[in-house]
Amino acid sequence: MRGSYELYVLIVTLTLVANHAGSVVLDLGHGYRHNVTSCWVPGVYFNVFDVVENGDPDNGTWYTAEQFSTPEHCGTHMDAPYHFYKQGWKLGDIPLERFVVEGVHVNVTHQVNGNPDFMLNVDHLRKWEQVNGAFPNKSVVLINFGWSDKFGDRLEYYKSSTSSDRRFPGLSAEAAQWIVDSGKFVGLGVDGPSTDAGISSTYPVHKILSKANMYSLENVALNGTSLPARGFKLVVQPIKILDGTGGPCRILAFTENKFE
Ligand SMILES: [Zn+2]
């Protein structure tokens, strides 16, 4: 009998451990830094100014404050549908339930293999479903081109130091349309500067997603994360610029598909 009791204790213990396997919280944002975080337009940076530092930290009178300026579309940020569709939601219009969602991770890093002309097409999305099952409803799809490591090195990230001749991976228009037509997604994120490939001058992906009132996340930090293909929650929190076309955005992923 003693043996079975010990087995019982072991099973109970293992069950408790399994139930308490908590989520790991992953930060999917690049940090902003004065004069370092460069934006879409060359030479434009996130900036801090009018820094006030008063008092004495040793006697409790310390006080500091500062101002910052940034384009809406800089660093890890959200594009509101209004960005490319006049009737689309502005940043402050997007329903809150679209900010707490299930995430899926389409990692094509190996297929991209550093090629700035890579284009994600419908086959890549179908392949993901063959391996991982159908995409879940009301989710945000994160496309990992293996580009995040280049963030901070403008020449590597955009393959250009000017506002022309940019080259980095993106989605094909057909893939964007497939994503919209699936009806599964409220948003899409990429770990590069834009959902459209760098060579695009007509931004079809932006237009297709915006018209469907889907938001986009750009410059998402997907490097070095242990993000699974599916089974994780996302908290997506853009700055609340009511009439914004977009804005800086904090993105947290909770593994184990739960918030604890
Ligand atoms: Zn943007």
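Tabulated results
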item: Ordering of 160-167, 42-49 by packing [mean C-beta count within 10 Å, highest first]; result: 42-49, 160-167
item: Largest-first ellipsoid semi-axes for the stretch 58-136, taking √(5λ) over the Cα gyration tensor eigenvalues, angstrom; result: 37, 21, 17
item: Value of relative contact order over the chain, rounded to a whole percent, pairs C-alpha under 8 Å and six or more apart; result: 28
item: Violating pairs (Cα-Cα greater than 29 angstrom) within the set 159/240; 86/240; 159/184; 127/233; 86/138; result: 159/240; 159/184
item: Check: the stretch 14-127 dipole with +1 on Lys, Arg Cβ and -1 on Asp, Glu Cβ, in debye; result: 620
item: Of 51, 235, 140, the one that fluctuates the most in a GNM where the chain has Cα springs shorter than 10 Å; result: 51
item: Neighbour-count ranking [beta-carbon atoms within 10 angstrom, fewest first] of 156, 66; result: 66, 156
item: Cβ charges +1 (Lys, Arg) and -1 (Asp, Glu), total dipole of the stretch 89-159, debye; result: 100
item: Kirkwood-Stokes translational diffusion coefficient of the stretch 155-260, alpha-carbon pairs, 20 °C, 1.002 mPa s, µm²/s; result: 140
item: Protection-proxy order for peptides 211-221, 196-206, each taking the mean of Cβ atoms within 10 Å per residue, highest first; result: 211-221, 196-206
item: Percent antiparallel among DSSP beta bridges (both partners in the stretch 118-260, rounded to 5); result: 35
item: The chain: proportion of alpha-carbon pairs further apart than 23 angstrom, %; result: 56
item: Free-standing Cys, the chain [no other Cys Cβ under 4.7 Å]; result: 249
item: Whole-Å distance, taken between Cα centres, linking the stretch 174-212 and the stretch 79-95; result: 14
item: Bridge type composition, the chain - antiparallel percent by DSSP, nearest 5; result: 60
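None of the figures in this text is laboratory data; all of them are computed from the coordinates on show. Since the structure is predicted, the reported quantities are computational estimates derived from the model, not experimental observations. Virtual Cβ from ideal backbone geometry, glycine too; neighbours counted across all protein chains shown.
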